[in-house]
Amino acid sequence: MSLCLSSIAQAQFYETIRSARPGQSIGASTMGKNIFQIQSGVDYFGYTNNNTDLKGNGFLTNTAVRYGLNEMFEVGAFFEYKSESTKENAITNTYKGLSNMIIALRHQISIGEGLIPSVGFQFRLRLPVLSEHYQIDNIAPSFVFVTSQQLTKSWTLITNLGGSWNGIDSTPTGLYTINLSCAFTSTFGAFIENYGSVTQGTFDTRMDTGVAWLATPDLQLDLLGGYGSNHGLQDYFISTGFSWRTNREKARP
């Protein structure tokens, strides 16, 4: 979304904030040297498994912090706190606590122009320091290759392709996203996205959509929602959040 909005502002880099919100996809660009950015949101989610009579819903908050080491590399961390209630066979359980903690490194491999896409790579480690219900046994790595392609002045196509491990067993999961974003003005845009995973031949896919508004060049607000139906499991979410960064000129050494 931020890639698309900033293109209308005719900026190759940094004229407007570039955020991983909203949506599941990440862009190929990095923060820029000495730039600090925070991205945070609140989600309401729910799910129903028709095969097991399991139902659940809850809230989660997630925050990502990112820092540009130089123009092509950045480091970051991601934290998620979840509170949810489940019901199965008339038995209700409530869980809450730290459900995700991740450290990450992102590299912008190349900078595209026109229909030639920008290319990036991100590597992340999920740490086994979570609350009891969400705890994992081992450090869980994941990686993703990213392309960001400017189709027109207003339209941007982003793809992510990668894999992850869950920290419990050695079975890998393949991941993908396809995101199409449109900037209606220099400060307002929308996107639609398909994303999914495959594990041992089992394929899951979901859709989400949302909008983003640039309140200032350094502050973005967003609203989005998504839905999936796979193998008897139906799930949905609604999310709102913000992204804020330090000003590039003030961050220069």
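The values are calculated or read from the model by the stated rules, or taken from the named source; none is laboratory data. No experiment lies behind these values; they were computed from the predicted model shown. Reconstructed Cβ throughout: ideal geometry from the backbone, glycine too, with neighbour counts over all protein chains shown.
Evaluating Ala183 against the criteria (1) surrounded by fewer than 18 Cβ atoms within 10 Å (Cβ to Cβ); (2) closer than 18 Å to Ser118 by Cβ; (3) of a type in the set (Gly, Ala, Ser) leaves one unmet condition, (1). Could you say whether any residue in the range 85-104 is farther than 22 Å from Phe242 by Cα, surrounded by fewer than 16 Cβ atoms within 10 Å (Cβ to Cβ) and either under 16 Å from the mean Cα position of the chain (by Cα) or of a type in the set (D, E, K, R) (or both)? There is at least one residue in the range 85-104 that is farther than 22 Å from Phe242 by Cα, surrounded by fewer than 16 Cβ atoms within 10 Å (Cβ to Cβ) and either under 16 Å from the mean Cα position of the chain (by Cα) or of a type in the set (D, E, K, R) (or both). Any chance the range 36-49 includes a residue that's among the small types (Gly, Ala, Ser), closer than 27 Å to Ser186 by Cα, out of contact with any helix residue (DSSP H, G or I) (no Cβ under 8 Å at 6 or more places or on another chain) and surrounded by 15 or more Cβ atoms within 10 Å (Cβ to Cβ)? Taking every residue of the range 36-49 in turn, at least one turns out to be among the small types (Gly, Ala, Ser), closer than 27 Å to Ser186 by Cα, out of contact with any helix residue (DSSP H, G or I) (no Cβ under 8 Å at 6 or more places or on another chain) and surrounded by 15 or more Cβ atoms within 10 Å (Cβ to Cβ). Taken together, the residues in the range 68-86 that are part of a strand (DSSP E or B) and either acidic (Asp, Glu) or at pLDDT below 95 (or both) amount to 4.
If you go through the range 74-109 and pick out every residue that is closer than 24 Å to Thr52 by Cβ and of a type in the set (Gly, Ala, Ser), you end up with 5. Restricting attention to the range 156-171 and to residues that are of a type outside the set (Gly, Ala, Ser) and surrounded by 15 or more Cβ atoms within 10 Å (Cβ to Cβ), the residue that is nearest to Glu80 (Cα to Cα) turns out to be Asn166. Only one entry in Asn93, Asn89, Asn50 is touching a residue at least 24 places away in the same chain (Cβ under 8 Å), in contact with a strand residue (DSSP E or B) (Cβ under 8 Å, 6 or more places away or on another chain) and not charged (D, E, K, R), namely Asn50.
Quick grid of which residues meet (1) out of contact with any Lys or Arg (no Cβ under 8 Å at 6 or more places or on another chain); (2) among the aliphatic types (A, V, I, L, M); (3) under 30 Å from Gly120 (Cβ atoms):
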| residue | (1), (2), (3) |
| --- | --- |
| Ser40 | yes, no, yes |
| Gly56 | no, no, no |
| Gly68 | no, no, yes |
| His107 | yes, no, yes |
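Taking the range 215-238 as the range and being in a strand (DSSP E or B) and closer than 15 Å to Tyr47 by Cβ as the test, the residues that pass are Gly225, Gly226, Tyr227, Gly228, Ser229, Asn230, Leu233, Gln234, Asp235, Tyr236, Phe237, Ile238. Criterion applied to Ser148, Ser164 was being touching a helix residue (DSSP H, G or I) at 6+ places or on another chain (Cβ under 7 Å), under 21 Å from Phe78 (Cβ atoms) and either outside any loop (DSSP other than H, G, I, E, B) or modelled with pLDDT of 95 or more (or both), and the one residue passing it is Ser148. Report yes if Ala212 is of a type in the set (Gly, Ala, Ser), more than 25 Å from Gly162 (Cα to Cα), touching a residue at least 12 places away in the same chain (Cβ under 8 Å) and not in a loop (DSSP other than H, G, I, E, B), otherwise no. Spelling it out, Ala212 is indeed of a type in the set (Gly, Ala, Ser), more than 25 Å from Gly162 (Cα to Cα), touching a residue at least 12 places away in the same chain (Cβ under 8 Å) and not in a loop (DSSP other than H, G, I, E, B).
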